[in-house]
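Since the structure comes first, as structure tokens, the remarks are kept for the end.
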Amino acid sequence: MPHKTVAHSTGQPWSVGSWQGRPAAQQPTYPDTEALRSALAQLARLPPLVTSWEIETLKQHLADAALGRRFLLQGGDCSESFADCESNAITSKLKILLQMSLVLVQGAKKPVLRVGRFAGQYAKPRSTDTETRVGTTLPCYRGDMINCPGYTLEERTPNPHLLLRAYERSALTLNFIRSLTHGGFADPHHPECWELGFVSKSPLAAEYTRMVQSIGESLRFVETLTGNPIPEINRVEFFTSHEGLHLLYEQAQTRAVPRREGYYDLSTHFPWIGERTRALGGAHVEFFRGLANPVAVKIGPTITPDELVALAGVLNPRNEPGRLTLIHRFGAAQVEQCLPPLVAAIRRKQQQVIWCCDPLHGNTETTRDGIKTRRFANILGELEASFHILRKCGAHLGGVHFELTGENVTECVGGASGVTEADLARDYRSQLDPRLNYEQAMELALHLAHLMARNLG
Ligand code: PEP
Ligand code: CO
């Protein structure tokens, strides 16, 4: 059945399938086309994972962030795995994001919008299509939604059934997160619920504990004063995001909804386009431009000011605040050179965007032992530099995007707890990019909170 074509503010008509006429980078090739057709038909019938109501609420919050009245905290794994869809891994991620948001609220003196990089982060871009090990060449692992990491032909062959497993795992994760965040787990009267086992051993524990105590005291003070518990404070909003990489999967969950205009990608609240798939004439930009969701795009050192202005024009044709987030990831060594001309170009055209710093992806390096890692000093360096550059250029840092985990892994080096290169072998669990561990993530949040507090106004 042909897809309904709708008018678009750029004047170029759009439909949920119009991306299929453009070059689509990073898509798997499925040998079993009949199984693919059947999986996509099921996905298109299954209920959505999120609703347009939630998406519209998020868009309003993001509009606040664009105007400097709210701060976006986005974080989670580089890539989720099906095996990690279990209660501990999910609660740990939620806990670390809640703790970080508490610290950031204290520093920024404004509400923090929490967006998980989870409940759907199952597809990964790769730099090559194949991998060769001792004479055999197999397709690359592309995330649990597409194939399996094991090194056999069977495991590496893209399998359409995994699309359904990914949808189900996303639903299970979301269900648990919604119950936790609506059921009192996120109540700031009881931040002890968010404590992760090893927090008391951390050198940062004292500062965090002091902060939590003072929040508890303030809450009790206001409640005593007014004689009433503060309504709604025991619930927090939590939104989901993932890289909208696998376009057939995203398309199957993209729908028109009653009484609203446009098409919503209902697999997540806030999809983003990756650095490798942001080509102006490419399929991802074509698909994203027609979505009603707020969207983000990752930008790295190769983007030029003209390209960025064109990209922002296509992705945010009505120039709405909150519609478009630019997640910049240049690396500590390049941010000073790359960021200012881009900010200047966007400001010159008066384009509405949120500047959101991802200080992880531009700082990836390989150790002498061949292990992929990131140095805490570089991560913090890029974050601080971005904050100052944006201020100097008349813009502001609207948010941050981190790869992190609530577990005590050793994947990034440095930080107050002193993870060294020798420690990397001890507890390195990521299949793909190295993540900040709990203490490193908290330390980064504390630094950022101090930075924002020193520069209020
Ligand atoms: C990622 O976010 O895991 C990723 C691949 O990032 P980027 O698109 O910025 O390289
Ligand atoms: Co990554």
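The values are calculated or read from the model by the stated rules, or taken from the named source; none is laboratory data. All figures in this text were calculated on a predicted structure; none of them were measured in a lab. Note that we place each Cβ from the backbone using ideal geometry, even for glycine, and neighbour counts take in every protein chain shown.
Here are some notes:
- Matching residues in segment 250-284 - criterion: being closer than 18 Å to ALA7 by Cβ and either buried (at least 21 other Cβ atoms within 10 Å of the Cβ) or aromatic (Phe, Trp, Tyr) (or both): THR254, TYR263, TYR264
- When LEU40, LEU49, LEU98, LEU72 are checked against the criterion of being in a helix (DSSP H, G or I) and under 23 Å from ALA123 (Cβ atoms), LEU40 stands alone in meeting it.
- Residue in segment 41-60 that is in contact with a helix residue (DSSP H, G or I) (Cβ under 6 Å, 6 or more places away or on another chain), over 28 Å from CYS356 (Cα atoms) and buried (at least 19 other Cβ atoms within 10 Å of the Cβ) present: yes
- Single residue of segment 365-397 satisfying the filter (away from ligand 1 (no atom under 16 Å from the Cβ), touching a Gly at 6+ places or on another chain (Cβ under 7 Å) and not hydrophobic (A, V, I, L, M, F, W, C)) that is farthest from GLN337 (Cα to Cα): ARG375
- Filter result (among the aromatic types (Phe, Trp, Tyr) and either over 20 Å from the mean Cα position of the chain (by Cα) or at pLDDT 95 or above (or both)) within segment 410-457: TYR428
- Every residue from segment 372-383 that is among the charged types (D, E, K, R) and either in contact with a Cys (Cβ under 6 Å, 6 or more places away or on another chain) or surrounded by 21 or more Cβ atoms within 10 Å (Cβ to Cβ) (or both): ARG374, GLU382
- Among the residues of segment 133-145, none qualifies, meaning not one is closer than 30 Å to ALA66 by Cβ, of a type in the set (Phe, Trp, Tyr), part of a loop (DSSP other than H, G, I, E, B) and within 16 Å of ligand 1 (Cβ to nearest atom).
- Scanning segment 340-371 for residues that are among the small types (Gly, Ala, Ser), loosely packed, with under 13 Cβ neighbours inside 10 Å and at pLDDT 95 or above returns no hits.
- Members of segment 384-407 found to be assigned to a helix (DSSP H, G or I) and surrounded by fewer than 24 Cβ atoms within 10 Å (Cβ to Cβ), listed by number: GLU384, ALA385, PHE387, HIS388, ILE389, LEU390, ARG391, LYS392
- Complete set of residues in segment 120-148 that are among the polar types (S, T, N, Q) and under 15 Å from SER81 (Cα atoms): GLN121, ASN147
- For segment 353-364, taking the residues that are touching a strand residue (DSSP E or B) at 6+ places or on another chain (Cβ under 7 Å) and assigned to a loop (DSSP other than H, G, I, E, B), the one that is farthest from ligand 1 (Cβ to nearest atom) is identified as VAL353.
- For segment 155-177, a tally of residues being surrounded by fewer than 19 Cβ atoms within 10 Å (Cβ to Cβ), out of contact with any strand residue (DSSP E or B) (no Cβ under 9 Å at 6 or more places or on another chain) and touching a residue at least 60 places away in the same chain (Cβ under 8 Å) returns 6.
- When segment 321-343 is filtered for residues that are away from ligand 1 (no atom under 14 Å from the Cβ) and within 20 Å of LEU280 (Cα to Cα), the ones remaining, listed by number, are ARG323, LEU324, LEU339, PRO341, LEU342, VAL343.
- Pairs, first closer than 11 Å to LEU390 by Cβ in segment 327-350, second within 16 Å of ligand 2 (Cβ to nearest atom) and assigned to a helix (DSSP H, G or I), C-beta under 8 Å, six or more apart: VAL335/GLY362; VAL335/GLU382
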